Amino acid sequence: MLMGLIWTAMIVVSIIFGCINGAAVQVQQAALDGAAAAVELCLGIGGVVCLWCAVMELMRTSGLADALSRALRPVLGRLFPESAKHESVMQPLSANVSANLLGLGNAATPMGIRASQEMARLGSPGVASNELCRLVVLNTASIQLLPTTVAAIRAAEGASAPFDILPAVWISSAGSVLAGLLAARAMERRR
């Protein structure tokens, strides 16, 4: 809601200043050019997102996604010791982290929501548990082995090697996850 108001205010202010400065035609042309560029970008990204969603579906069907989820369970069990006791939490949690590792944020979101709902059922009503806060931090910072969405945007914008950012993504995402988890742990201890 607030972001909608902010964007609306920015657009209205731009139009008003464009009219005041006698640049209404340029504002109008910029709005049309921006809309056209947005549609081109969405179409370019759409194909790549469909490809990676199909790859994720193949991984799920072949059992590779389940194998990755099982491989992550020991690590997730240490991060989420209370939730590790409940299969109803660990299954969507490990699927969520697996999808995030593959850079499939769209595929990870439903599993993350399901995992957080299950975690909320285990805790006190209306109070976010420490593990639920850790899940939010983990999803916000998320380590990505294959940043497919970013690569799709880079490819749509004409990058010759859209995956050449891998080392930077690995370092920055690992650093952000580590910093987020350390901050969450520090906040837990303050309580």
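Yes or no: region 175-189 includes at least one residue that is open to solvent by 70 Å² or more (accessible area, probe 1.4 Å), more than 17 Å from the chain's Cα centre (by Cα) and of a type outside the set (Lys, Arg). Give the steps one after another, and end with the answer.
Filtering region 175-189 down to residues open to solvent by 70 Å² or more (accessible area, probe 1.4 Å) leaves 178, 182, 185, 187, 189.
In the following step, the residues that additionally are more than 17 Å from the chain's Cα centre (by Cα) were identified as 182, 185, 187, 189.
Filter again for of a type outside the set (Lys, Arg), leaving 182, 187.
Within region 175-189, one or more residues are open to solvent by 70 Å² or more (accessible area, probe 1.4 Å), more than 17 Å from the chain's Cα centre (by Cα) and of a type outside the set (Lys, Arg).
Can you tell me which residues in region 112-138 are modelled with pLDDT under 85 and closer than 20 Å to Pro81 by Cα?
Within region 112-138, Leu122, Gly123, Ser124, Pro125, Val127, Ala128 qualify.
Scanning region 124-133 for residues that are under 25 Å from Leu178 (Cβ atoms) and either part of a loop (DSSP other than H, G, I, E, B) or under 15 Å from the mean Cα position of the chain (by Cα) (or both) returns Ala128, Ser129.
Name the single residue, out of those in region 60-74 being among the hydroxyl-bearing types (Ser, Thr, Tyr) and farther than 17 Å from Leu138 by Cα, that is modelled with the highest pLDDT. So the residue we want is Ser62.
Going by the conditions given, is Glu40 more than 29 Å from Val137 (Cα to Cα) and open to solvent by 50 Å² or more (accessible area, probe 1.4 Å)? So Glu40 fits the description; yes.
Entry remark, region 112-130: residues being open to solvent by less than 20 Å² (accessible area, probe 1.4 Å) and over 16 Å from Leu101 (Cα atoms) number 2 in total. Look at (1) of a type in the set (Gly, Ala, Ser); (2) over 30 Å from Leu43 (Cβ atoms); (3) open to solvent by 70 Å² or more (accessible area, probe 1.4 Å) and you find that Ser62 fails only one, number (2).
Against the conditions (1) under 30 Å from Ile11 (Cβ atoms); (2) open to solvent by less than 70 Å² (accessible area, probe 1.4 Å); (3) at pLDDT below 85, Ala35 satisfies every one except (3).
Would you check which residues across region 1-10 are part of a helix (DSSP H, G or I) and open to solvent by 90 Å² or more (accessible area, probe 1.4 Å) and list them? I'd like the intermediate steps shown before the answer.
Of the residues in region 1-10, the ones part of a helix (DSSP H, G or I) are 2-10.
Within region 1-10, Leu2, Met3, Leu5, Trp7, Met10 qualify.
Contact map, region 11-27: residues that are open to solvent by 100 Å² or more (accessible area, probe 1.4 Å) paired with residues that are assigned to a helix (DSSP H, G or I), Cβ distance under 8 Å, separation 6+ or inter-chain. Pairs shown: Gln26/Gly18.
Here Leu104, Leu51 are screened, and the one residue that is crowded, with 19+ Cβ neighbours inside 10 Å, within 29 Å of Ile171 (Cα to Cα) and within 19 Å of the chain's Cα centre (by Cα) is Leu104.
For region 137-165, enumerate the residues that are exposed (fewer than 15 other Cβ atoms within 10 Å of the Cβ) and in a helix (DSSP H, G or I).
Initially, region 137-165 is screened for residues exposed (fewer than 15 other Cβ atoms within 10 Å of the Cβ), giving 140, 145, 157-161, 163-164.
Across region 137-165, the qualifying residue is only Thr140.
The values are calculated or read from the model by the stated rules, or taken from the named source; none is laboratory data. Bear in mind that the values here come from a model prediction, so they are computed numbers and not experimental data. Cβ sites come from the backbone with ideal geometry, for glycine too, and all protein chains shown count toward neighbours. The area values use the complete protein model at the heavy-atom level, side chains included, leaving out ligands, DNA and RNA. Shrake-Rupley method; radii C 1.70, N 1.55, O 1.52, S 1.80 Å.
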